[in-house]
(Lines give C-alpha, C1' and ligand atoms only; values in the text may rest on other atoms or scores of the structure.)
Protein backbone atom coordinates (compact mmCIF):
# COMPACT_ATOMS: atom_id res chain seq x y z
CA UNK A 1 0.00 0.00 0.00
CA UNK A 2 1.27 3.47 -0.87
CA UNK A 3 0.72 6.31 1.57
CA UNK A 4 1.92 9.91 1.70
CA UNK A 5 3.15 11.03 5.10
CA UNK A 6 4.92 14.12 6.34
CA UNK A 7 8.59 13.75 7.06
CA UNK A 8 8.77 15.10 10.55
CA UNK A 9 8.73 12.84 13.56
CA UNK A 10 8.24 14.03 17.17
CA UNK A 11 11.37 13.95 19.30
CA UNK A 12 10.15 12.10 22.38
CA UNK A 13 13.56 11.11 23.71
CA UNK A 14 17.18 11.45 22.73
CA UNK A 15 17.08 8.17 20.80
CA UNK A 16 13.74 8.97 19.14
CA UNK A 17 15.24 11.42 16.69
CA UNK A 18 12.96 13.35 14.32
CA UNK A 19 13.19 12.63 10.64
CA UNK A 20 12.94 15.38 8.08
CA UNK A 21 11.72 14.52 4.63
CA UNK A 22 8.35 13.15 3.60
CA UNK A 23 7.88 9.38 3.52
CA UNK A 24 5.69 7.13 1.33
CA UNK A 25 5.65 4.04 3.60
CA UNK A 26 5.06 0.58 2.17
CA UNK A 27 5.88 1.86 -1.27
CA UNK A 28 5.36 5.28 0.21
CA UNK A 29 6.28 8.80 -0.52
CA UNK A 30 8.18 10.10 2.47
CA UNK A 31 8.70 13.85 2.67
CA UNK A 32 12.28 14.03 1.29
CA UNK A 33 16.10 10.70 -0.82
CA UNK A 34 19.70 7.96 -1.71
CA UNK A 35 23.30 7.83 -2.95
CA UNK A 36 24.94 5.56 -5.42
CA UNK A 37 26.85 7.90 -7.69
CA UNK A 38 30.57 7.30 -7.92
CA UNK A 39 32.71 10.04 -6.35
CA UNK A 40 35.59 11.64 -8.21
CA UNK A 41 39.00 10.74 -6.86
CA UNK A 42 39.47 14.14 -5.23
CA UNK A 43 36.02 14.05 -3.59
CA UNK A 44 33.89 17.07 -2.82
CA UNK A 45 35.66 18.33 0.28
CA UNK A 46 36.31 21.83 -1.05
CA UNK A 47 32.74 22.23 -2.22
CA UNK A 48 31.30 20.93 1.05
CA UNK A 49 33.57 23.22 3.06
CA UNK A 50 32.26 26.15 1.02
CA UNK A 51 28.51 25.51 1.30
CA UNK A 52 28.03 23.71 4.63
CA UNK A 53 28.25 26.81 6.89
CA UNK A 54 25.01 28.10 5.32
CA UNK A 55 23.02 24.89 5.92
CA UNK A 56 21.07 25.09 9.18
CA UNK A 57 19.26 22.67 11.42
CA UNK A 58 15.72 23.61 12.39
CA UNK A 59 13.91 22.61 15.56
CA UNK A 60 10.18 23.44 15.64
CA UNK A 61 8.10 23.12 18.80
CA UNK A 62 4.42 22.33 18.53
CA UNK A 63 2.25 22.62 21.63
CA UNK A 64 -0.91 20.45 21.46
CA UNK A 65 -4.03 22.57 21.64
CA UNK A 66 -5.92 22.32 24.91
CA UNK A 67 -9.35 20.78 24.62
CA UNK A 68 -12.11 22.53 26.53
CA UNK A 69 -14.12 20.44 28.98
CA UNK A 70 -12.02 17.36 28.33
CA UNK A 71 -13.68 15.48 31.18
CA UNK A 72 -17.05 15.83 29.43
CA UNK A 73 -15.60 14.73 26.08
CA UNK A 74 -13.97 11.65 27.60
CA UNK A 75 -16.68 9.93 29.74
CA UNK A 76 -15.51 8.16 32.85
CA UNK A 77 -15.49 4.41 32.49
CA UNK A 78 -14.79 2.25 35.54
CA UNK A 79 -14.50 -1.52 35.96
CA UNK A 80 -16.05 -1.06 39.42
CA UNK A 81 -19.69 -0.21 40.25
CA UNK A 82 -20.70 3.20 41.67
CA UNK A 83 -20.42 3.30 45.45
CA UNK A 84 -17.33 1.12 45.50
CA UNK A 85 -14.22 2.76 47.05
CA UNK A 86 -12.30 1.74 43.93
CA UNK A 87 -14.86 3.56 41.77
CA UNK A 88 -14.02 6.91 43.42
CA UNK A 89 -10.28 6.16 43.27
CA UNK A 90 -10.31 5.53 39.53
CA UNK A 91 -12.55 8.55 38.91
CA UNK A 92 -10.18 10.90 40.75
CA UNK A 93 -7.19 9.36 38.96
CA UNK A 94 -8.73 9.98 35.52
CA UNK A 95 -9.64 13.57 36.40
CA UNK A 96 -6.05 14.28 37.48
CA UNK A 97 -4.70 12.76 34.25
CA UNK A 98 -7.04 14.87 32.14
CA UNK A 99 -5.86 18.02 33.89
CA UNK A 100 -2.19 17.26 33.19
CA UNK A 101 -0.75 19.67 30.57
CA UNK A 102 0.12 17.98 27.30
CA UNK A 103 3.83 17.94 26.50
CA UNK A 104 5.12 19.94 23.54
CA UNK A 105 6.21 17.97 20.49
CA UNK A 106 9.55 18.85 18.89
CA UNK A 107 10.28 18.10 15.24
CA UNK A 108 13.55 18.49 13.32
CA UNK A 109 14.28 19.58 9.78
CA UNK A 110 16.80 21.43 7.66
CA UNK A 111 17.12 24.75 5.85
CA UNK A 112 19.63 27.06 4.19
CA UNK A 113 20.52 30.75 4.50
CA UNK A 114 20.10 32.72 1.25
CA UNK A 115 21.48 36.12 2.26
CA UNK A 116 23.76 37.56 4.98
CA UNK A 117 20.79 39.30 6.66
CA UNK A 118 19.38 35.97 7.85
CA UNK A 119 16.67 34.84 5.40
CA UNK A 120 16.31 31.05 5.57
CA UNK A 121 14.49 28.71 3.18
CA UNK A 122 12.88 25.47 4.36
CA UNK A 123 9.78 23.34 3.76
CA UNK A 124 6.41 24.54 4.95
CA UNK A 125 5.75 21.19 6.61
CA UNK A 126 8.86 21.64 8.76
CA UNK A 127 7.43 24.73 10.51
CA UNK A 128 3.68 24.52 9.87
CA UNK A 129 1.77 25.19 13.10
CA UNK A 130 4.93 25.63 15.19
CA UNK A 131 4.78 27.75 18.34
CA UNK A 132 8.54 28.20 18.46
CA UNK A 133 11.24 27.75 15.81
CA UNK A 134 14.93 27.58 16.62
CA UNK A 135 17.74 27.55 14.07
CA UNK A 136 21.19 26.13 14.76
CA UNK A 137 24.21 26.91 12.57
CA UNK A 138 27.06 24.44 12.05
CA UNK A 139 29.33 26.70 14.15
CA UNK A 140 27.03 26.17 17.14
CA UNK A 141 25.21 29.49 17.15
CA UNK A 142 21.47 29.33 17.83
CA UNK A 143 18.77 31.80 16.88
CA UNK A 144 15.05 32.07 17.40
CA UNK A 145 13.38 32.34 13.99
CA UNK A 146 10.19 33.99 12.83
CA UNK A 147 8.09 32.97 9.85
CA UNK A 148 8.11 35.60 7.08
CA UNK A 149 5.59 33.63 5.05
CA UNK A 150 4.69 30.19 3.71
CA UNK A 151 3.29 28.65 0.55
CA UNK A 152 1.58 25.30 1.27
CA UNK A 153 0.91 24.73 -2.45
CA UNK A 154 4.62 24.27 -3.10
CA UNK A 155 5.54 23.32 0.50
CA UNK A 156 7.98 26.22 0.89
CA UNK A 157 8.56 28.62 3.78
CA UNK A 158 10.80 31.60 4.46
CA UNK A 159 12.18 32.21 7.96
CA UNK A 160 14.10 35.16 9.40
CA UNK A 161 16.74 35.33 12.13
CA UNK A 162 18.43 38.39 13.58
CA UNK A 163 22.22 38.18 13.88
CA UNK A 164 24.76 40.73 15.06
CA UNK A 165 26.97 40.15 12.03
CA UNK A 166 26.50 38.92 8.45
CA UNK A 167 25.75 35.22 8.13
CA UNK A 168 27.20 32.72 5.62
CA UNK A 169 24.82 32.09 2.72
CA UNK A 170 24.33 30.20 -0.53
CA UNK A 171 22.58 31.22 -3.76
CA UNK A 172 20.11 29.59 -6.10
CA UNK A 173 21.31 27.99 -9.32
CA UNK A 174 19.38 27.23 -12.51
CA UNK A 175 17.58 23.91 -12.15
CA UNK A 176 16.37 24.15 -15.75
CA UNK A 177 19.92 23.40 -16.87
CA UNK A 178 20.06 20.13 -14.93
CA UNK A 179 20.26 16.96 -16.98
CA UNK A 180 19.54 13.42 -15.94
CA UNK A 181 22.88 12.02 -14.80
CA UNK A 182 24.26 15.30 -13.42
CA UNK A 183 25.93 14.97 -10.00
CA UNK A 184 24.18 16.58 -7.02
CA UNK A 185 24.92 16.81 -3.29
CA UNK A 186 22.51 16.98 -0.38
CA UNK A 187 23.43 18.59 2.93
CA UNK A 188 21.13 18.40 5.92
CA UNK A 189 20.04 17.04 9.26
CA UNK A 190 18.93 13.40 8.75
CA UNK A 191 17.56 11.76 11.90
CA UNK A 192 18.75 14.79 13.86
CA UNK A 193 22.41 13.86 13.32
CA UNK A 194 23.27 17.20 11.70
CA UNK A 195 25.92 18.18 9.17
CA UNK A 196 25.42 15.17 6.89
CA UNK A 197 26.56 15.30 3.25
CA UNK A 198 25.54 12.77 0.58
CA UNK A 199 26.15 12.62 -3.16
CA UNK A 200 24.21 11.16 -6.06
CA UNK A 201 22.86 12.04 -9.47
CA UNK A 202 19.75 13.53 -10.99
CA UNK A 203 17.68 10.40 -11.60
CA UNK A 204 14.76 12.06 -13.42
CA UNK A 205 13.11 15.42 -14.04
CA UNK A 206 9.54 16.74 -13.95
CA UNK A 207 8.25 14.11 -11.55
CA UNK A 208 4.61 14.26 -10.41
CA UNK A 209 4.13 12.67 -6.96
CA UNK A 210 0.60 14.03 -6.41
CA UNK A 211 1.78 16.36 -3.68
CA UNK A 212 0.08 19.43 -5.16
CA UNK A 213 -1.12 21.20 -8.29
CA UNK A 214 2.36 22.39 -9.27
CA UNK A 215 4.35 19.16 -8.95
CA UNK A 216 7.56 19.31 -10.97
CA UNK A 217 10.08 17.51 -8.78
CA UNK A 218 13.70 16.64 -9.39
CA UNK A 219 14.26 12.96 -8.58
CA UNK A 220 17.65 12.09 -7.10
CA UNK A 221 19.43 9.15 -5.51
CA UNK A 222 21.55 11.35 -3.21
CA UNK A 223 20.87 9.79 0.21
CA UNK A 224 18.22 11.81 2.01
CA UNK A 225 16.22 10.70 5.02
CA UNK A 226 13.77 12.15 7.46
CA UNK A 227 15.25 15.31 8.94
CA UNK A 228 16.56 16.42 5.54
CA UNK A 229 13.28 18.16 4.70
CA UNK A 230 13.92 21.75 3.66
CA UNK A 231 17.64 21.21 3.09
CA UNK A 232 19.46 22.19 -0.11
CA UNK A 233 20.35 20.06 -3.11
CA UNK A 234 23.55 21.45 -4.63
CA UNK A 235 25.08 21.15 -8.08
CA UNK A 236 28.85 20.77 -8.40
CA UNK A 237 29.23 24.57 -8.60
CA UNK A 238 27.82 24.94 -5.08
CA UNK A 239 24.53 26.46 -6.24
CA UNK A 240 21.19 25.37 -4.79
CA UNK A 241 19.25 23.60 -7.54
CA UNK A 242 16.58 22.03 -5.33
CA UNK A 243 14.91 21.95 -1.92
CA UNK A 244 14.77 18.38 -0.60
CA UNK A 245 11.17 17.58 0.21
CA UNK A 246 10.06 13.96 -0.12
CA UNK A 247 11.27 10.37 -0.42
CA UNK A 248 9.73 7.23 -1.82
CA UNK A 249 10.29 4.47 0.71
CA UNK A 250 8.82 1.06 1.55
CA UNK A 251 10.20 1.21 5.10
CA UNK A 252 10.53 4.88 6.07
CA UNK A 253 14.25 4.99 5.22
CA UNK A 254 16.14 6.07 2.14
CA UNK A 255 16.01 3.63 -0.76
CA UNK A 256 17.46 5.85 -3.45
CA UNK A 257 14.36 7.70 -4.64
CA UNK A 258 14.09 11.25 -3.34
CA UNK A 259 12.41 14.39 -4.60
CA UNK A 260 13.42 18.04 -4.51
CA UNK A 261 11.53 21.19 -5.46
CA UNK A 262 13.43 22.73 -8.41
CA UNK A 263 15.16 26.05 -7.77
CA UNK A 264 13.28 27.51 -10.75
CA UNK A 265 10.11 27.22 -8.67
CA UNK A 266 11.62 27.86 -5.22
CA UNK A 267 13.41 31.04 -6.29
CA UNK A 268 10.21 32.66 -7.59
CA UNK A 269 8.10 31.60 -4.63
CA UNK A 270 10.63 32.72 -2.02
CA UNK A 271 11.13 36.07 -3.77
CA UNK A 272 7.39 36.75 -3.60
CA UNK A 273 7.18 35.72 0.05
CA UNK A 274 10.09 38.01 0.87
CA UNK A 275 8.54 40.97 -0.97
CA UNK A 276 4.86 40.48 -0.12
CA UNK A 277 4.65 37.89 2.65
CA UNK A 278 2.61 35.63 0.38
CA UNK A 279 2.50 34.32 -3.18
CA UNK A 280 0.44 35.81 -6.00
CA UNK A 281 -0.47 33.46 -8.84
CA UNK A 282 -2.03 33.96 -12.21
CA UNK A 283 -5.52 32.67 -13.03
CA UNK A 284 -6.79 31.72 -16.47
CA UNK A 285 -10.18 30.29 -15.53
CA UNK A 286 -10.46 26.92 -17.24
CA UNK A 287 -10.89 23.32 -16.17
CA UNK A 288 -8.58 21.05 -18.11
CA UNK A 289 -7.90 17.40 -18.72
CA UNK A 290 -5.27 15.19 -20.34
CA UNK A 291 -5.19 14.82 -24.11
CA UNK A 292 -5.19 11.06 -24.64
CA UNK A 293 -4.13 9.39 -27.89
CA UNK A 294 -7.80 8.79 -28.67
CA UNK A 295 -8.67 12.45 -28.08
CA UNK A 296 -5.73 13.57 -30.21
CA UNK A 297 -6.85 11.28 -33.01
CA UNK A 298 -10.43 12.51 -32.75
CA UNK A 299 -9.51 16.19 -33.07
CA UNK A 300 -6.79 15.75 -35.68
CA UNK A 301 -3.70 16.44 -33.55
CA UNK A 302 -0.54 14.70 -34.71
CA UNK A 303 0.27 13.58 -31.13
CA UNK A 304 -1.21 13.73 -27.61
CA UNK A 305 -0.13 17.13 -26.29
CA UNK A 306 -1.45 20.27 -24.67
CA UNK A 307 -4.29 20.70 -22.18
CA UNK A 308 -7.89 20.06 -23.23
CA UNK A 309 -10.35 22.68 -21.97
CA UNK A 310 -13.27 20.75 -20.47
CA UNK A 311 -14.95 23.84 -19.03
CA UNK A 312 -14.53 27.61 -19.22
CA UNK A 313 -15.39 29.46 -16.00
CA UNK A 314 -17.93 32.22 -16.71
CA UNK A 315 -16.56 35.77 -16.57
CA UNK A 316 -12.99 34.44 -16.27
CA UNK A 317 -10.01 35.74 -18.27
CA UNK A 318 -10.35 32.74 -20.58
CA UNK A 319 -14.05 33.40 -21.16
CA UNK A 320 -13.45 37.08 -21.89
CA UNK A 321 -10.68 36.23 -24.37
CA UNK A 322 -12.84 33.74 -26.27
CA UNK A 323 -11.43 30.41 -25.11
CA UNK A 324 -14.01 27.71 -25.78
CA UNK A 325 -14.88 24.36 -24.34
CA UNK A 326 -13.08 21.74 -26.43
CA UNK A 327 -10.10 23.95 -27.27
CA UNK A 328 -6.70 22.39 -26.69
CA UNK A 329 -4.12 24.82 -25.29
CA UNK A 330 -0.81 23.87 -26.92
CA UNK A 331 1.18 27.05 -26.27
CA UNK A 332 1.30 29.64 -23.51
CA UNK A 333 3.29 32.88 -23.53
CA UNK A 334 5.75 31.53 -26.11
CA UNK A 335 6.23 28.22 -24.30
CA UNK A 336 5.06 24.81 -25.46
CA UNK A 337 2.39 23.15 -23.31
CA UNK A 338 3.67 19.59 -23.52
CA UNK A 339 0.92 18.10 -21.35
CA UNK A 340 -1.91 19.00 -19.02
CA UNK A 341 0.34 19.35 -15.92
CA UNK A 342 2.48 21.98 -17.62
CA UNK A 343 -0.30 24.55 -18.01
CA UNK A 344 -1.12 25.21 -14.30
CA UNK A 345 2.56 25.86 -13.57
CA UNK A 346 2.89 28.29 -16.48
CA UNK A 347 -0.28 30.16 -15.55
CA UNK A 348 0.62 30.28 -11.85
CA UNK A 349 4.02 31.81 -12.65
CA UNK A 350 2.37 34.63 -14.63
CA UNK A 351 2.17 38.04 -12.99
CA UNK A 352 -1.50 38.90 -12.40
CA UNK A 353 -2.91 41.63 -14.68
CA UNK A 354 -0.39 40.88 -17.42
CA UNK A 355 -1.37 39.88 -20.97
CA UNK A 356 -0.09 36.70 -22.59
CA UNK A 357 -0.61 34.97 -25.91
CA UNK A 358 -2.23 31.54 -25.89
CA UNK A 359 -1.98 29.10 -28.78
CA UNK A 360 -5.06 26.92 -29.27
CA UNK A 361 -5.91 23.91 -31.40
CA UNK A 362 -9.48 24.43 -32.58
CA UNK A 363 -11.42 22.84 -35.46
CA UNK A 364 -8.30 21.24 -36.90
CA UNK A 365 -6.16 24.37 -37.01
CA UNK A 366 -4.04 26.62 -34.79
CA UNK A 367 -5.43 29.86 -33.37
CA UNK A 368 -3.69 32.51 -31.26
CA UNK A 369 -5.47 34.81 -28.82
CA UNK A 370 -4.45 37.39 -26.20
CA UNK A 371 -5.56 36.82 -22.60
CA UNK A 372 -5.36 39.24 -19.65
CA UNK A 373 -4.42 36.97 -16.73
CA UNK A 374 -6.11 37.67 -13.39
CA UNK A 375 -5.01 36.82 -9.84
CA UNK A 376 -5.81 33.36 -8.47
CA UNK A 377 -8.26 33.45 -5.58
CA UNK A 378 -9.24 30.52 -3.33
CA UNK A 379 -12.06 28.56 -4.91
CA UNK A 380 -14.25 25.76 -3.65
CA UNK A 381 -15.00 22.99 -6.10
CA UNK A 382 -17.87 20.63 -5.37
CA UNK A 383 -18.33 17.30 -7.10
CA UNK A 384 -21.73 15.64 -7.02
CA UNK A 385 -22.08 11.90 -6.68
CA UNK A 386 -24.22 10.21 -9.28
CA UNK A 387 -27.16 8.09 -8.18
CA UNK A 388 -28.71 4.98 -9.63
CA UNK A 389 -30.90 5.34 -12.72
CA UNK A 390 -33.41 3.13 -14.40
CA UNK A 391 -32.47 1.25 -17.58
CA UNK A 392 -32.97 3.13 -20.84
CA UNK A 393 -34.49 2.02 -24.10
CA UNK A 394 -31.70 2.22 -26.68
CA UNK A 395 -28.53 0.17 -26.89
CA UNK A 396 -25.40 1.04 -28.85
CA UNK A 397 -23.21 -1.92 -29.73
CA UNK A 398 -20.48 0.44 -30.92
CA UNK A 399 -20.40 2.07 -27.48
CA UNK A 400 -21.21 -1.04 -25.49
CA UNK A 401 -23.73 1.05 -23.55
CA UNK A 402 -27.44 1.40 -22.95
CA UNK A 403 -28.74 4.97 -23.36
CA UNK A 404 -31.78 6.83 -22.08
CA UNK A 405 -33.40 10.19 -22.62
CA UNK A 406 -32.55 12.54 -19.75
CA UNK A 407 -35.84 13.00 -17.89
CA UNK A 408 -36.55 15.36 -15.01
CA UNK A 409 -36.60 12.40 -12.60
CA UNK A 410 -33.16 11.25 -13.75
CA UNK A 411 -31.80 14.81 -13.48
CA UNK A 412 -33.02 14.89 -9.89
CA UNK A 413 -31.39 11.53 -9.14
CA UNK A 414 -28.10 12.76 -10.61
CA UNK A 415 -28.33 16.16 -8.86
CA UNK A 416 -28.15 17.93 -12.21
CA UNK A 417 -29.61 21.39 -12.96
CA UNK A 418 -33.05 21.33 -14.58
CA UNK A 419 -31.69 22.84 -17.82
CA UNK A 420 -29.12 20.03 -18.35
CA UNK A 421 -29.47 18.45 -21.79
CA UNK A 422 -28.11 15.20 -23.17
CA UNK A 423 -28.42 11.42 -23.08
CA UNK A 424 -27.69 9.40 -19.95
CA UNK A 425 -25.77 6.10 -19.84
CA UNK A 426 -27.88 3.64 -17.88
CA UNK A 427 -25.94 0.40 -18.41
CA UNK A 428 -22.47 -0.59 -19.61
CA UNK A 429 -20.92 -3.69 -21.12
CA UNK A 430 -17.71 -4.18 -19.06
CA UNK A 431 -15.94 -5.28 -22.25
CA UNK A 432 -17.36 -2.47 -24.40
CA UNK A 433 -15.64 0.61 -25.81
CA UNK A 434 -17.35 3.02 -23.43
CA UNK A 435 -16.23 1.10 -20.33
CA UNK A 436 -12.70 0.77 -21.71
CA UNK A 437 -12.46 4.55 -22.04
CA UNK A 438 -13.71 5.17 -18.50
CA UNK A 439 -17.34 6.11 -19.13
CA UNK A 440 -19.69 5.33 -16.25
CA UNK A 441 -23.34 4.67 -15.58
CA UNK A 442 -24.84 8.09 -14.85
CA UNK A 443 -22.61 9.97 -17.30
CA UNK A 444 -24.58 12.28 -19.55
CA UNK A 445 -23.43 12.49 -23.18
CA UNK A 446 -24.01 16.07 -24.29
CA UNK A 447 -22.21 16.06 -27.61
CA UNK A 448 -20.83 13.53 -30.07
CA UNK A 449 -18.12 15.21 -32.12
CA UNK A 450 -19.66 18.59 -32.98
CA UNK A 451 -23.25 17.31 -32.77
CA UNK A 452 -25.37 18.07 -29.71
CA UNK A 453 -27.52 15.11 -28.67
CA UNK A 454 -30.84 14.99 -26.80
CA UNK A 455 -32.10 11.46 -27.47
CA UNK A 456 -30.51 8.01 -27.77
CA UNK A 457 -31.32 8.11 -31.49
CA UNK A 458 -29.25 11.33 -31.81
CA UNK A 459 -26.25 9.50 -30.35
CA UNK A 460 -26.66 6.50 -32.67
CA UNK A 461 -26.98 8.70 -35.77
CA UNK A 462 -23.92 10.79 -34.78
CA UNK A 463 -21.85 7.65 -34.27
CA UNK A 464 -22.97 6.25 -37.63
CA UNK A 465 -21.93 9.48 -39.34
CA UNK A 466 -18.47 9.44 -37.76
CA UNK A 467 -15.91 9.18 -40.54
CA UNK A 468 -12.83 8.53 -38.41
CA UNK A 469 -11.96 5.63 -36.11
CA UNK A 470 -12.28 7.87 -33.05
CA UNK A 471 -14.82 10.41 -31.90
CA UNK A 472 -14.78 13.05 -29.17
CA UNK A 473 -17.61 12.93 -26.62
CA UNK A 474 -18.53 15.80 -24.31
CA UNK A 475 -19.75 14.20 -21.09
CA UNK A 476 -21.40 15.73 -18.02
CA UNK A 477 -20.27 13.82 -14.94
CA UNK A 478 -21.78 14.96 -11.67
CA UNK A 479 -22.22 18.51 -12.99
CA UNK A 480 -18.70 18.80 -14.46
CA UNK A 481 -17.99 18.62 -18.17
CA UNK A 482 -15.20 16.35 -19.41
CA UNK A 483 -14.13 15.14 -22.82
CA UNK A 484 -13.65 11.49 -23.68
CA UNK A 485 -11.87 10.31 -26.80
CA UNK A 486 -13.60 7.14 -27.94
CA UNK A 487 -12.08 4.66 -30.35
CA UNK A 488 -15.03 3.23 -32.26
CA UNK A 489 -15.72 -0.41 -32.88
CA UNK A 490 -16.67 -1.34 -36.41
CA UNK A 491 -20.43 -1.11 -36.77
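The values are calculated or read from the model by the stated rules, or taken from the named source; none is laboratory data. What you see is a predicted model; the values in this text were computed from it and never measured. Cβ atoms come from the backbone with ideal geometry, glycine included; neighbour counts cover every protein chain shown.
Just a few scattered comments:
- Filter result for residue 115 (under 17 Å from residue 261 (Cα atoms), more than 23 Å from the chain's Cα centre (by Cα) and surrounded by fewer than 19 Cβ atoms within 10 Å (Cβ to Cβ)): no
- Residue check for residue 479: at positive phi, over 29 Å from the mean Cα position of the chain (by Cα) and in the same structural domain as residue 406 (by TED's automatic domain parsing): no
- Set side by side, the residues 158, 167 differ, and just one is surrounded by 15 or more Cβ atoms within 10 Å (Cβ to Cβ), over 19 Å from residue 245 (Cβ atoms) and in contact with a helix residue (DSSP H, G or I) (Cβ under 8 Å, 6 or more places away or on another chain), which is 167.
- Between 474, 414, the distinction of being modelled with pLDDT under 85, surrounded by 14 or more Cβ atoms within 10 Å (Cβ to Cβ), in contact with a strand residue (DSSP E or B) (Cβ under 9 Å, 6 or more places away or on another chain) and on the phi < 0 side of the Ramachandran plot belongs to 414 only.
- Some residue of the stretch 311-329 being outside the structural domain of residue 434 (by TED's automatic domain parsing), over 24 Å from residue 480 (Cα atoms), modelled with pLDDT of 90 or more and in a helix (DSSP H, G or I): no
- Given (1) modelled with pLDDT of 95 or more; (2) within 15 Å of residue 113 (Cβ to Cβ); (3) part of a loop (DSSP other than H, G, I, E, B), index of the condition residue 180 fails: (2)
- Exactly one residue out of 103, 153 is assigned to a loop (DSSP other than H, G, I, E, B), at pLDDT below 95 and within 14 Å of residue 270 (Cβ to Cβ): that is 153.
- Lone qualifier among 455, 420 - being modelled with pLDDT of 80 or more, surrounded by 14 or more Cβ atoms within 10 Å (Cβ to Cβ) and touching a helix residue (DSSP H, G or I) at 6+ places or on another chain (Cβ under 8 Å): 420
- Apart from one condition, residue 378 fits all of (1) within 19 Å of residue 213 (Cβ to Cβ); (2) at pLDDT 85 or above; (3) out of contact with any strand residue (DSSP E or B) (no Cβ under 9 Å at 6 or more places or on another chain); the exception is (2).
- Flag if residue 269 is in contact with a strand residue (DSSP E or B) (Cβ under 6 Å, 6 or more places away or on another chain), within 29 Å of residue 313 (Cα to Cα), at pLDDT 85 or above and assigned to a loop (DSSP other than H, G, I, E, B): no
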